[in-house]
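For reference, the structure discussed in these notes is given below.
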Protein chains: 2
Amino acid sequence: MVMTATPPYIQGVPGAGHMEAVRRGNLALVLGRIAETSPAGRRSRAQISALTGLTKASVSSLVLELISSGLVTEVGLNQQSRGRPGVELELNPNKAVLGAEINVDYLAVGVVSLAGTLLMHEVRERDNRPHGVERVMAALSQQCAVTAVAAEKEGIDVLGGGLAVPGLIDAAGQVVVSAPNLGWKNARPDLRVLLPGSPLGVVLCNEANAAALAEMDHQSDTDFMFVSGEVGVGGGLVVGRELFTGADGHAGEVGHVVVDPYGSDCLCGGRGCLETVAGQDAIADAAGLAGHPARSSRSLTLSVLLGLLKEGDARALSAVERAGFCLGLALASSARIVPFTSVVLGGHLAVLDPWLRISLMDSLQRYSAGRFPSGNVLVSALGSTGALLGAAGLALRWVLEAPHTLRR
Amino acid sequence: MVMTATPPYIQGVPGAGHMEAVRRGNLALVLGRIAETSPAGRRSRAQISALTGLTKASVSSLVLELISSGLVTEVGLNQQSRGRPGVELELNPNKAVLGAEINVDYLAVGVVSLAGTLLMHEVRERDNRPHGVERVMAALSQQCAVTAVAAEKEGIDVLGGGLAVPGLIDAAGQVVVSAPNLGWKNARPDLRVLLPGSPLGVVLCNEANAAALAEMDHQSDTDFMFVSGEVGVGGGLVVGRELFTGADGHAGEVGHVVVDPYGSDCLCGGRGCLETVAGQDAIADAAGLAGHPARSSRSLTLSVLLGLLKEGDARALSAVERAGFCLGLALASSARIVPFTSVVLGGHLAVLDPWLRISLMDSLQRYSAGRFPSGNVLVSALGSTGALLGAAGLALRWVLEAPHTLRR
DNA sequence: CCAAATAGTTTATGCTCTGAACTATAAGGA
DNA sequence: TCCTTATAGTTCAGAGCATAAACTATTTGG
């Protein structure tokens, strides 16, 4: 648990160990083996039996249950040198989960197959700051309904969903404790309205954590830090291929590691946090854009900044260089507390990577005593769909780790 | 040993979920409920049944097995208002585990009952630096043998043990990757020689981690950082009442969080690490003891430093104050990555607490935005027995979490 | 001394995995 | 073509474990 917060679907397990717990665990075990195969090399019952140590009889019975619950389908035959060919199994391509994201300037909804591929998605630009929780959720649920109908038309069944929000989520996954950029505080969105008829519910998660989770599927490393550059700097920590959220969901907040003890005050109440140097606003100000008209919009600000960097503007270059230096410092310190071995940059930090990288790598190497080869600092390939995919991924894990909840 | 919230009865399953896994898990579950009771309020089978949700029949059968394996004994009767009194259960007071510690200037061995109390212990002053692994282990095993005989004379049966070493242990718990203060590198001590005839083996662990584990039993908080002040500064991180070691055992190394980007080089290869300011050597040097004859011994250095502080020596006071400031800074940053809520000071940092505390609390508050009330920064009460108790505690957990390994 | 309450055990039953026998299907060789 | 060999998957009896309900044991209180 490493720590790891208990996922909500584990709560269905009562305190005592019934026999059924074994069944549930084995259902998830078998489903996991089916899920981790590529279309190229799908597995048969016999292979799963060999892989898990369960007898062929048990696997047959478990697979039967997974098929009848709709999660798994039989595809083709799998001929091994000689003998009767095995029946290839795969995750049902017609079952999916929904991923959704609320951000400052858009709402995004997508459908992700059980295998994790994004089947369809729609982003609606929209300034969400002036509206309260109810109005935003109403707009989002309307958008979800449209997407769900579109999915149904293609014969796709949506089992559950995940919602990513740029704010702090409580341990129970029900309350948005605070989302400063949205102006939310202790908001309790009604998640069921997003997917009224689905067999599973909708899980709520932090946007940086979701993005980190999505990044994991495109990443071989098992322990890494995802740094999400937004207005501030968010972090998502993955330890042993599991999201590490800590007891209260605050884990991995690299944006508030102190990089300059005598630096400026931070919105969090601290001082000299990384965010005060490497947040998008902080970089823009340091680059001399403080009074610039583009500052009203995030994307505008970023493009103006990029323009200056390409022109070779000294002030912009030095602002970004300093951000890189401090980011390296904060990451090196963080890696002593939770020893991750890779870093993935997202948001504006991904965009600014070409100008950040040298100073980032310099300080990261210097302060971590050379633990991070340059190849271990990566740029996110997912861009703006990261949070969406991650939120869906969380719902996906729910299905894959607790398939018994879909029993008929 | 990454923490995970797996349901208790799934633990220890080597891949597949056999039926026996349920039995194993429930044995541990019941044993845990017996272990967590105080002598004042011991539990009966009926109470455990109510607590766990297992039926009385199951609990009876499980308890029978625990009794026949020698881990549990029936004590007295437990009268509830009316009806037949329950039979009180407790951990067998005649079963124990051994705790051992190798440090720079002593060897320590102790016997700890299943309930966690230190029954006997012996510390032998001895400079271990000049000797290699084999010689030190030979001396330690001789000391263990003496202690084991003494325990046997009192009718106490030693089931297993733990060994704490001031160095980095590999993930498998077999190799001391490096113990700079002992001069060990990739040492592979033969652990079996410490307890040749015991039913369980001996586990190896890091000294700061062991001390953190021991501290946990005297602490209500579930998430805290133990800071061990030695020549350098070690850290042990406890998350959700579990030791958090990370994939490679490096987790919680607060001593190498960067507190001064332009500070001096650290032995670890980094720069400006907390250790270069708050390690015992660093404080002594900053206090002006660089050439002092007492510097040859750790305890001497510390007592000279204490003398200076009590005299009000300005240089010593400012050295310690700066250490406190930097410690607060490093802890505030660390708490953003893994959100612990308390801090326990050990080693020289515990001794220097009166002179450290003000600057420590000031910077901790400043940089953590007031997350740490003063009462959440504690001084270790265990002193030098911490590592011993923690090593034994690790062996104890082994017994308590896998009681089936002691089946007859 | 008996009723009510609580503790613990016995017994019949059901669930889930296992192991071995059995059926199904294919490749390769005579 | 047909038989042997190899592999996949199913069936069925049996063992282990937890459950529920009935039963025994022991105490308080009237």
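Observations
- With DNA, RNA and ligands ignored, accessible area of residue A:220 (1.4 Å probe; Å², nearest 10): 110
- Amide H partners (placed H, <5 Å) of residue A:378, local residues excluded: A:343, A:344, A:345
- When the helices of the protein assembly as shown are scored as -39500 (n - 2.57) per DSSP H run of n ≥ 4 and the total is divided over every residue, the value at 222 nm lands at -12000 deg cm²/dmol.
- Angle between chain B longest axis and helix B:298-311 axis [Cα atoms, degrees, rounded to 10]: 60
- Length gained on full extension, residue B:220 to residue B:40, computed as 0.36 nm times the residue gap minus the Cα-Cα distance: 62.9 nm.
- Protein heavy-atom accessible area occluded, A/B pair - total, 1.4 Å probe, Å²: 4300
- Averaged over the residues of peptide B:19-29, the number of Cβ atoms from other protein chains lying within 10 Å of each residue's Cβ is 3.
- Accessible area expressed per residue, the protein assembly as shown, with surrounding protein chains retained (probe 1.4 Å, Å²): 40
- Between A:282, A:316, B:229, the Cα set farthest toward the positive side of the dipole of the protein assembly as shown (charges on each charged residue's Cβ, about the Cα centre) is that of B:229.
- Antiparallel %, DSSP beta bridges [both residues in chain A], to 5: 60
- Net charge dipole size for region A:220-380 [Lys, Arg +1 and Asp, Glu -1 on Cβ; Debye, nearest 20]: 240
- DSSP-assigned coil residues among trypsin sites (Lys or Arg not before Pro) in region B:42-144, each with at most 15 further Cβ atoms within 10 Å: B:82
- Simple point charges give the picture: +1 on the Cβ of Lys and Arg, -1 on the Cβ of Asp and Glu, and for region A:8-91 a dipole about the Cα centre of about 280 debye.
- Note on chain B: with charges restricted to the Cβ of Lys and Arg (+1) and Asp and Glu (-1), its dipole about the Cα centre is near 1080 debye.
- Normalised radius of gyration (Cα atoms, divided by 2.2 N^0.38 Å) for the protein assembly as shown: 1.01.
- Shortest-first distances to equivalent copies, position residue A:70, nm, label 7 Å out along Cβ: 5.6
- Per-bin percent of Cα-Cα distances, region A:259-338 [10 Å]: 19, 45, 29, 7, 0
- Taking all Cα pairs closer than 8 Å and separated by 6 or more residues, the relative contact order of region B:8-91 comes to 27 percent.
- Space enclosed by the convex hull of the alpha-carbon atoms of region B:219-380, per residue, Å³: 113
- 15 Å Cα-Cα reach of residue A:310 towards aspartates and glutamates, excluding residues that sit fewer than 8 places from it in its own chain: A:321, A:353
- Point-to-point label distance, residue A:77-residue A:295, nm (Cα→Cβ direction, 7 Å offset): 7.1
- With label points set 7 Å from Cα along Cα→Cβ, the inter-copy distances at residue A:119 are 6.3 nm, sorted shortest first.
- Residue by residue along B:256-265, Cβ atoms of other protein chains within 10 Å of the local Cβ number 5 on average.
- Computed over chain A: relative contact order in percent, which uses C-alpha pairs under 8 Å that are six or more apart: 17
- Exposed GluC sites (Glu not before Pro) absent - longest run of chain A, DSSP non-H/G/I/E/B, at most 14 other C-beta within 10 Å: A:155-408
- Options B:329, B:399, B:342, ranked by Cα towards positive dipole end of region B:281-408, top entry (Cβ charges): B:399
- Computed over region B:8-91, the Cα gyration tensor eigenvalues convert (square root of 5λ each) into semi-axes of 25, 13, 11 Å, ordered from largest to smallest.
- Beta bridges assigned by DSSP with both partners in the protein assembly as shown are antiparallel in approximately 60 percent of cases.
- 0 to 90° range, to nearest 10: angle between helix B:353-368 axis and chain B longest Cα axis: 80
- Within 10 Å of each Cβ in A:222-235, the average number of Cβ atoms from other chains: 1
- In this assembly of identical copies, the label point of residue B:85 (Cα plus 7 Å along Cα-to-Cβ) is separated from its counterparts by 7.4 nm, sorted shortest first.
- Residue A:341 accessible area, assembled protein chains, probe 1.4 Å, Å²: 60
- With contacts taken as Cα pairs under 8 Å and at least 6 residues apart, region A:163-277 reaches a relative contact order of 18 percent.
- Projecting the Cα positions of B:103, B:141, B:172 onto the charge dipole of chain B (unit charges on Cβ atoms of Lys, Arg, Asp and Glu, taken about the Cα centre) puts B:172 furthest along the positive direction.
- In terms of Cα atoms, the Rg and Dmax of region A:136-289 work out to 17.8, 59 Å.
- Rounded to whole Hz, the Karplus (6.51, -1.76, 1.60) HN-Hα couplings of region A:235-249, x for glycine and proline: x, x, 10, 10, 10, x, 6, 10, 5, 9, 10, x, 4, 10, x
- Antiparallel DSSP beta bridges within region A:220-380, percent to nearest 5: 55
- Cα-derived Rg over Rh, computed across chain B with Rh taken as Kirkwood radius: 1.01
- Straight-line reach from residue A:185: taking Cα to Cα under 15 Å and skipping same-chain neighbours fewer than 8 places apart, the aspartates and glutamates in range are A:134, A:170.
- Convex hull volume per residue for region B:271-311, taking Cα atoms only, in Å³: 70
- Crossing angle, helix B:19-35 versus chain B [Cα axis fit, 0-90 degrees, rounded to tens]: 70
The values are calculated or read from the model by the stated rules, or taken from the named source; none is laboratory data. Not measured: the values here are computed from a predicted model. A quick note on method: Cβ atoms are made from the backbone with ideal geometry, for glycine too, and the neighbour counts reach across all protein chains shown. Calculation scope for accessible area: heavy atoms of the full protein, side chains included, ligands and nucleic acids excluded. Shrake-Rupley method; radii C 1.70, N 1.55, O 1.52, S 1.80 Å.
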